[in-house]
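A quick write-up on the structure given underneath.
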Amino acid sequence: MRTIYLCIGCAATYLPPESMTYPSHPTLTASPAHCGRPECAAAAREAVAMSGLTEAKLGEIARRAAGLDGDVRMPRIDRRAARGRRAAAAPGGGRGKLR
Ligand SMILES: [Zn+2]
């Protein structure tokens, strides 16, 4: 299956060649983190500088967050709380005899 990429600059999805290169433009390579817009390339460079992560890693995180890669991460919902019962007390939240 082809990898669909998500631009961290503008949130566009894009599908570069699997080789990440363009035969008609030998000096041009596709990025795993940003689309072809110059402002998105600049945003990605800034994100790499700020985070210390590689473009590949930032692209992977963006794809995962958008559900394009791996399992979509959903918050766990406690169904019992939805039925009108009072939520369980927080640890240490109860009043003791010594207080
Ligand atoms: Zn973009």
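What's the exposure ranking of 15, 68, going from fewest to most Cβ atoms within 10 Å? Don't jump to the answer; show the numbers that get you there.
Details: 15 10, 68 14.
So the residues, fewest neighbours to most, are 15, 68.
Just add up the charged neighbours of residue 10: K/R +1, D/E -1, any other residue whose Cβ is under 12 Å from the Cβ of residue 10. Write down the numbers at each step before the final one.
Numbers: positive: 37; negative: 39.
Local net charge: 0.
Can you put 61, 8 in order of Cβ neighbours within 10 angstrom, beginning with the fewest?
Values: 61 16, 8 24.
So the residues, fewest neighbours to most, are 61, 8.
How much net charge surrounds residue 53 when only the other residues with a Cβ under 14 Å from the Cβ of residue 53 are counted, with Lys and Arg +1 and Asp and Glu -1?
Working: positive: 45, 57, 63, 64; negative: 46, 55, 60.
Every neighbour counted, the sum reads +1.
How many percent of the alpha carbon pairs in the range 5-74 exceed a separation of 18 Å?
Details: 914 of 2415 pairs.
Beyond 18 Å sits 38 percent of the P(r) for the range 5-74.
Every number here is computed from the coordinates shown, using simple stated rules; none is lab data. Being a predicted model, the structure only gives us computed values, none of them experimental. Positions of Cβ are backbone-derived with ideal geometry, glycine not excepted, and every protein chain shown enters the neighbour counts.
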